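J.: Structure incoming, see below.
Derivation of every value follows stated rules applied to the coordinates shown; laboratory data play no part. Note that this is a predicted model, so its numbers are computed, not measured. Don't worry about glycine lacking a Cβ; one is built from the backbone with ideal geometry, like all the others, and counts go over all protein chains shown.
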Amino acid sequence: METAATKTLIAQGESLEREFKSDLRREFTDKEIYDEIVALANTNGGVLLIGVEDDRNITGSRPRHGKSTDVNKLKSAIFHNTVPNINTRVSVVSHPKGNILVIEVERYPDICSTTSGKTLRRAIGADGKPQTVPFYARDQISRRVDLGLLDFSAQSVDTATFDDFDPLEFERIRQTITKLTGDRTLLELSNEELAKALRLVETRNEALVPNVAGLLLLGRLTSIQQFLPTHAVHFQVLDIQGDVRVNDAFHEPIVKIIEAIESRFKARNDEREKIVGLLRYPIPDYSPLGFREAVNNALLHRDYSRMESIYIQWQHNHILITNPGGFPEGITAENILVHEPKPRNTRLAEAFKRIGITDQTGRGVDKIYMGQVRYGRPPPDYSRSDNAAVRVVIPGGESSLDFAAFIFEEERNGKVFSLDDLLVMNELYYDRRIDAPTAGKLIQKGTPEARRVLEHLHELGLVEGRGERGGRVYHLPASLYKRFHMKAEYVRAKGFELLQQEQMIIEYVKEHGTIRRSEVADLCKINDVQAKHLLRRITGKYSQFQQKGVKRGTHYVWVD
C-alpha cells in the first residue's frame, strides 16, 4: 500500500473495516494479529494498521523479524494460522514517525477461525466504537445466511408436528392460488400432499415435520410464537412530527399478514384522477403493485435467524420498509436492478412462486421501481441499507399527474416503455438535463447501454440531444414541456443557443482579457467536452479569438 493511501485510511479513523493497533509500549503479538485478521474476514474485510494509536497518532511498529519485518514471512504465518487459510496483503509503509505495518484482508466467504480455535468478528460496542468480539454459534447462523451458505427457511423444526399447521391456512393458500393464478395443480391436493408439494415439511421416522418455511406459511399462531419468535411485522403510521399514530403488530402466517397489510394500505392510499380523452385515469399516492412487491421482498428476504422485526412505517411523505439482514452477498444499492435474483430464503421463495405471490422471474425490485416512475415519482431509495438491515424508502406525496397521464396514454396507444426508458424520462422531468454517464448510473447498466437508451428515446421524439456525441446532453422536447405546462423549463433545459453562447464568451474575454475552458463550461452551463468544441468553433470563426498557452496553461484572448 502506498503512503498516500495509508494516510487517507488513518485520517478516516477506526471503523468496522479499519483497526488501529499500538506497538509502542508492548509488542503487538503475531497471535493478536491472527485474531484481528479473522475478525475482519468474518465481517466485511478491511485493513489492520499496526503502529497507529486510537487517536490516529502514528507511533510506528516494531520489526518482527530481527531488524526488519519480512512481509512474506508474516503473510505466510497468517495463512498457516487461520482456518480456512486466509490470504492477505502485507505492506510496510515508511513514515517519519515510524514504519506502519499494513495488513489487508478480504471478506471471507465462510466462517473463519484461528488454528487455536478462536472465532471472532467485528462489531460496534456499547460506546459506539468498533471492536473485536467473540463470534458465537448463534451469530454464525445469520452470517451463513448472509453468505448464502444456509437456507434457514429449509431447516426442519424437529420439535414441531404436522398438528402445528392451521387447517384454515391451507384453505387461505388455496384461495390465494386461485386469486393470483398460482399453480392450479395444487388445488386438488390434500393438506398433507399440498405441504409436500410446496416442500414445507420433512419426513422424519415416517412422520411429517414442519420446516421454517412451513411454519411461516401454515403455522398456528401459538406454534409460530413458540418455534419462530423472531417472526414479527409492524405496521406503523407516523405523523409529520414522527409520533406513532398506529402501531399494529402481526405474528400470524405470512399470507394472512400480507392480506392484513394490504387492507391497511388500501384504506390509506388516496387517489386523484386525471382525465385522458374520455377516460378517467386514477393516480394513487403509492403504487399498489410497487408497495406489494416491497412488502413481499421484506417477508421473503429477511433474516429469520435475527431477533428483530420487519417495520412498515407510513410517514407523511414516504413509506419506509425495513427488514432484518443486509443485502445478500454481492448485491448492493448500486447494482440491485441488474444483479441476478438471490433469495435469502430459497425454500420460502419457491413456495411464494408456486402460490403466485411472486412471479417466476424473481424481479420484484423492477416492479417497485416501475410502480414509482410510471406515476411520475422519484424511484425507491435503498441508500439507508447497511449490514444489519435493508431499508427502502418509497417516496409519496403529489405525483406529476401530467407525466403519469402521458405514460398511460402512450401505452394505451400501443407504445411499450421499458424500466430504463421510464427511469430516464422520469429523471429528465425532475432534473431537466442528463448525459450518458449519469443515465448509466441511474439504470445501473453503464454508459454504453445508457447511450443506447437515450438515442432510442431520441428517435421516438421523447428527448432532444445537443452537443457532440462524447459530451451530448439530453432534455425533454418542447412538445412535452408544453404538454406538461412547463414552457419556461424547456428554455432553461435547452440552455442558450449557440450564437448566444458565442457572444457571451466574446463579451467575457473583452471584459476580462482572457478565458479558460473551465470558465466557458461554467458560464454557458455546459460540460467540459462541449466547452472544448465550442471554443474550437469560435477560434475557427473569428480570427481575433486566439488560443494561447498549452495544456493546463491554455487560455483564450481577443486580439483586435
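J.: Using Cβ contacts closer than 10 Å as the measure, can you line up Met425, Met504 from fewest to most?
T.: Starting with the residue having the fewest Cβ neighbours, the order is Met504, Met425.
J.: Separate question: Counting other beta carbons within 10 Å of each Cβ, put His80, His231 in order, fewest first.
T.: His80, His231
J.: Can you give the net charge of the other residues whose Cβ lies under 15 Å from the Cβ of Lys551, counting K and R as +1 and D and E as -1?
T.: Local net charge: +4.
J.: Give the distance, in whole Å, between the Cα centre of segment 208-263 and the Cα centre of segment 26-78.
T.: 46
J.: Packing-wise, with mean Cβ within 10 Å as the measure, how do 427-437, 43-53 rank, highest first?
T.: 43-53, 427-437
J.: For Thr82, list long-range residues whose amide hydrogen, built 1.01 Å from N in the peptide plane, is under 5 Å from its own amide hydrogen.
T.: Sorted by chain and number, the residues that satisfy this are Thr115.
J.: Given Val424, Pro437, Phe408, which one lies farthest toward the positive end of the charge dipole of segment 408-462, if we put +1 on the Cβ of every Lys and Arg and -1 on the Cβ of every Asp and Glu?
T.: The residue sitting farthest along the positive end of the dipole is Pro437.
J.: If amide hydrogens are placed 1.01 Å from N in the peptide plane, which non-local residues have theirs closer than 5 Å to the one on Arg121?
T.: For Arg121, whose amide H was placed from the backbone, the distant partners under 5 Å are Val133, Phe135.
J.: Taking loop as defined by DSSP and a crowding limit of 16 other beta carbons within 10 Å, which trypsin sites (Lys or Arg not before Pro) in segment 11-66 fit?
T.: Taking segment 11-66 and a limit of 16 other Cβ atoms within 10 Å, the loop trypsin sites (Lys or Arg not before Pro) found are Arg25, Arg26, Arg56.
J.: Taking 27 Å as the cut-off for C-alpha to C-alpha distance, list the pairs among Lys367/Lys445; Lys67/Lys97; Lys7/Lys532; Lys415/Lys441; Lys441/Lys551; Lys7/Lys551 that go past it.
T.: Distance filter (> 27 Å) returns Lys7/Lys532; Lys441/Lys551; Lys7/Lys551.
J.: Follow-up. As a test of the formula, what do you get for the chain when each DSSP H run with n ≥ 4 contributes -39,500 (n - 2.57) and the sum is divided by the residue count, at 222 nm and rounded to the nearest 500 deg cm²/dmol? Show your work: numbers first, answer last.
T.: Values: 21 runs with 223 residues, N = 560.
So the helix-based figure for the chain works out to -12000 deg cm²/dmol.
J.: A follow-up question, please. List, in order, the whole-Hz ³J(HN,Hα) value for each residue of segment 416-433 obtained from phi through the Karplus relation with A = 6.51, B = -1.76, C = 1.60 and θ = phi - 60°; use x for Gly and Pro.
T.: Taking θ as phi minus 60°, the curve returns 10, 9, 7, 4, 4, 4, 5, 4, 5, 5, 4, 5, 5, 4, 8, 9, 6, 10 Hz for segment 416-433.
J.: Now for a separate question. Tally Lys/Arg at +1 and Asp/Glu at -1 over every other residue whose Cβ is under 12 Å from the Cβ of Ile100; what's the total?
T.: Result for the local shell: +2.
J.: Enumerate the lysines that Lys196 could reach by cross-link, defined here as Cα to Cα under 18 Å, with residues fewer than 8 away along the same chain left out.
T.: The qualifying lysines are Lys353.
J.: For segment 3-135, calculate the relative contact order in percent as a whole number, restricting contacts to Cα pairs under 8 Å that are 6 or more residues apart.
T.: 29
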